[in-house]
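Following: one structure in structure tokens, then a few remarks.
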Amino acid sequence: MKTQAFLFALAFAFPAAAQHQAPPGVDPSQFKPLVERKDVVSWNLLAQVELVKQKDRYLPQFSPGVAALDQKEVKLQGFMMPLEMGDKQTHFVLSALPVTCAFCLPGGPEALVEVKTRQPVKYSFDPVVVRGRMSVLKDDPTGVFYRISDAVHAN
């Protein structure tokens, strides 16, 4: 239930990306965004989504490039946000931006991907790469846009 509440909050976090900055007194060079890699899905591609009002709510409308990723095997690099206790995680969120505050989301739902792994992945402050089946979620009740299932740690 905590996970669903957390993920639902992601849907309302679009302004958080504009607020991404290093904490006071910390060298901002420690919190650099990811360098684009050719062998992983680009976060710029995942950002190609718009919210469209349908009746009394807003739903994501994905670009054709994003929609083509649905149910495909993909690799994605990102910063780990644990959803479980412990140093090894089987359920976590990957973020396009480094986490600089335990109480702040580093981006909106377009910059976050829920990940469920086959085997636990060791938590790291450094970027991690996972490979798994991508789901592009058009109407998820938790507000998540993307989920990678059956994932494994990759390099």
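Where a number appears in this text, it was derived from the coordinates with a stated rule and is not lab data. Since this is a predicted model, take the numbers as computed values, not measurements. Heads up, the Cβs are rebuilt from the backbone with ideal geometry, glycines too, and the neighbour counts pull from every protein chain shown.
Summarising the label geometry, the points placed 7 Å from Cα in the beta-carbon direction at Gln71 and Asn44 lie 3.0 nm from one another.
Sequentially through the range 80-90, phi angles give Karplus couplings (6.51, -1.76, 1.60; θ = phi - 60°) of 7, 10, x, 10, 10, 7, x, 8, 10, 10, 10 Hz, Gly and Pro residues having no value and appearing as x. Within the range 89-108, what residues put their amide N at less than 16 Å from the label point 7 Å along the Cα-to-Cβ vector of Gln119? Hits in the range 89-108 for Gln119 at 16 Å: 89-91. Computed from phi, the 3J(HN,Hα) profile of the range 46-56 under the Karplus parametrisation 6.51, -1.76, 1.60 (θ = phi - 60°) reads 5, 6, 7, 9, 10, 8, 10, 6, 10, 6, 9 Hz, with x in place of Gly and Pro.
I'd like the projected area of the range 99-138, averaged over all directions, using the convex hull of its alpha carbons. Report it in nm² with one decimal.
Working: hull surface 15.5 nm².
Answer in nm², one decimal: 3.9.
Each principal axis of the Cα cloud of the range 45-101 was evaluated for its coordinate range; sorted largest first, these ranges are 42, 29, 20 Å. Couplings 3J(HN,Hα) of the range 92-105, computed from phi: 7, 10, 9, 10, 6, 10, x, 7, 10, 8, 5, 10, 10, 7 Hz, in residue order, whole Hz [Karplus 6.51 cos²θ - 1.76 cosθ + 1.60, θ = phi - 60°; x for Gly and Pro]. Using the average count of surrounding beta-carbon atoms within 10 Å as a protection proxy, the listed peptides 56-67, 104-115 rank, highest first, as 104-115, 56-67.
Show me the trypsin sites (Lys or Arg not before Pro) within the range 64-155 that DSSP assigns to loop and that have at most 12 other Cβ atoms within 10 Å of their Cβ.
Numbers: sites: Lys72, Lys75, Lys88, Lys116, Arg118, Lys122, Arg131, Arg133, Lys138, Arg147; in loops: Lys138.
Loop-located and lightly packed - Lys138.
Restricting the calculation to Cα atoms, the range 35-155 shows an Rg/Rh of 0.95 when the hydrodynamic-style radius is the Kirkwood one.
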